[in-house]
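As structure tokens, the structure follows; a few thoughts come after it.
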Amino acid sequence: MRKHSFQYTLETPDIFREKALSWASSFSHCTYFNNNNIFKYPYGPFDNIITAGAQQIISFGDRNHFEELKQHYQNQPDWMVGYFAYDLKNQTEALQSGNPDHVEFPDIYFYVPEHVLCFKGNSLYIESTGAPDAILDAINNMAEGSNDKMKAPILNQNTSREQYLDTVNKLKNHILEGDIYEINYCIEFSATDATIDPLSTYLQLTRLSPTPFSVYHKFENRYLLCASPERFLKKHSRKLISQPIKGTARRGSSSYEDEIIKQKLRTDEKELAENMMIVDLVRNDLARSSETGTVKVDEMFGIYTFKQLHQMISTVTSELRADIHFIDAIRNAFPMGSMTGAPKVKVMELIERYEQAKRGLYSGAMGYITPSGDFDFNVVIRSLLYNAQTKKLSFQVGSAITYDSIPEQEYEECLLKAKAIMQTLG
């Protein structure tokens, strides 16, 4: 078992945290939840947490992974770090996944860490199976920075521009026929024989695209390098918080141009309609787990600016019902409405039909569960997935298709979202 938390005061927390990440990445398992010092976010961003070492890897059978995770927590309440991949939809609905899987990540993966380092301002809290002072010494003795070079991988865009435009028109036809109202359609970029240094690649990605729900996650030979701006679901005491993003615009070349672009986004009827549809879907998802009358929209159509782009974000909250386990609240809202569409099940059937790659961890959720049963999970977007064993690499981007969508503009939005990863990979 880990010992009680020890508190330390750091003179240079940012430098120490980067050294701590280098130390943690020497373990077979490590995860860095990184808010990039973006604090102006409703209900806060991720806490800055580094976990290292696997005290236990949680095992899953073939049937109901959510139920297995719940049983594990009930038997042994502890820190649990990991992810739910998008294709767990097949366990919550009568769906299937048959598209090519280029990086081969499991559908679910959680571990109980040996060491947990929580950073709050200049304070560091360490919970560890070992001696916290020894951890502190080991981190302070790490060299700063990573100098590993990488060869830029040769990326394949697995859906051509022509295929993309054709598919968007087919999806608009489904909307016209009344099958669906909105669908998030994604395309994949992949590389084979890719050799990258995951840690330095992640640090470069966060320099280009600092976001409030960023993650560096290593488990054995697989890596998630994530620059997500979006929260899937957070639980704090009995409160549930979901913050869907729908609405994207490029950054301007000046603060004046930025204000014009933000105003245009705030009044764009298509973007507002997209956001409203997903807010309704999220309200319904939360209602399945919440006390009657507690689901409310704290903020509608909030415009938030990140280094690469502007996003329209809404915040929906509720109170968890006393008879609902928090793992069931995650299951009842999974996968995130902003990455599927409405109505959810029909949309997921069409995603499987029209997309050309298995989503896997992309558009799933990565996060942590605390010993007290609180949790915070992001939406895995703006993310690079890398399998160091097979040397395969993949990232996906998408946008919401509605009846008013202009296919060429949706394609440009996908490329805008891919920009930071493309630049990171050189």
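A few points about this structure:
- Note on the stretch 184-342: along the principal axes its Cα atoms extend 50, 46, 28 Å, ordered by decreasing extent.
- Separation of alpha-carbon centers, the stretch 100-117 and the stretch 358-426, rounded to whole Å: 16
- Proximal lysines to Lys19, defined as alpha-carbon separation beneath 22 angstrom and excluding residues fewer than eight positions away on the same chain: Lys120, Lys149, Lys218
- Straight-distance crosslink candidates among lysines, where the alpha carbon sits under 18 Å from Lys70 and sequence neighbours closer than 8 are dropped: Lys89, Lys234, Lys235
- Over the chain, dividing the summed -39,500 (n - 2.57) contributions of all DSSP H runs of at least 4 residues by the number of residues returns a 222 nm mean residue ellipticity of -9500 deg cm²/dmol.
- Taken one residue at a time, the phi angles of the stretch 37-46 give Karplus couplings (6.51, -1.76, 1.60, θ = phi - 60°) of 6, 9, 9, 7, 9, x, 6, x, x, 4 Hz. Gly and Pro are set to x.
- The 3J(HN,Hα) values that the Karplus relation (6.51, -1.76, 1.60; θ = phi - 60°) gives for the stretch 262-273 are, in residue order, 4, 5, 5, 5, 5, 10, 6, 4, 5, 5, 5, 5 Hz. Gly and Pro appear as x.
- Bridging of Lys270 to aspartates and glutamates at a Cα separation below 13 Å is possible for Glu182, Asp404, Glu410, once same-chain residues fewer than 8 apart are set aside.
- For the stretch 89-183, alpha-carbon Rg and Dmax in angstrom: 24.0, 65
- Length-normalised contact order of the stretch 164-266 in % [C-alpha pairs under 8 Å, at least 6 apart]: 13
- Model label points for Asp197 and Ile57, set 7 angstrom from Cα along the Cα-to-Cβ axis, are 2.6 nm apart.
- Note on the stretch 320-423: the alpha carbon radius of gyration divided by the globular reference 2.2 N^0.38 Å gives 1.28.
- Rg and Dmax of the stretch 29-166, based on Cα coordinates, read 19.9, 60 Å.
- Per residue, the accessible area of the stretch 211-270 comes to 40 Å² when a 1.4 Å probe rolls over the protein heavy atoms.
- Helix 13-24 and the long axis of the chain differ in direction by around 90°, with both axes built from C-alpha atoms.
- Rounded to the nearest 10 Å², the accessible area of Glu220 at probe 1.4 Å: 90
- Evaluated at q = 0.12, 0.16, 0.20, 0.22 Å⁻¹, a Debye calculation over the C-alpha positions of the stretch 170-276 (equal weights, vacuum) places log10 I(q)/I(0) at -0.73, -1.12, -1.22, -1.24.
- Hull shadow area, averaged, the stretch 309-363 [alpha-carbon convex hull, nm²]: 5.7
- With Cα atoms, 0 to 90° folded angle of helix 65-75 axis to the chain main axis: 30
The values are calculated or read from the model by the stated rules, or taken from the named source; none is laboratory data. Because the structure is predicted, anything quoted here is derived from the model rather than measured. Note that we place each Cβ from the backbone using ideal geometry, even for glycine, and neighbour counts take in every protein chain shown. In case anyone asks, the SASA skips ligands and DNA or RNA and just uses the protein heavy atoms, side chains included. Shrake-Rupley method; radii C 1.70, N 1.55, O 1.52, S 1.80 Å.
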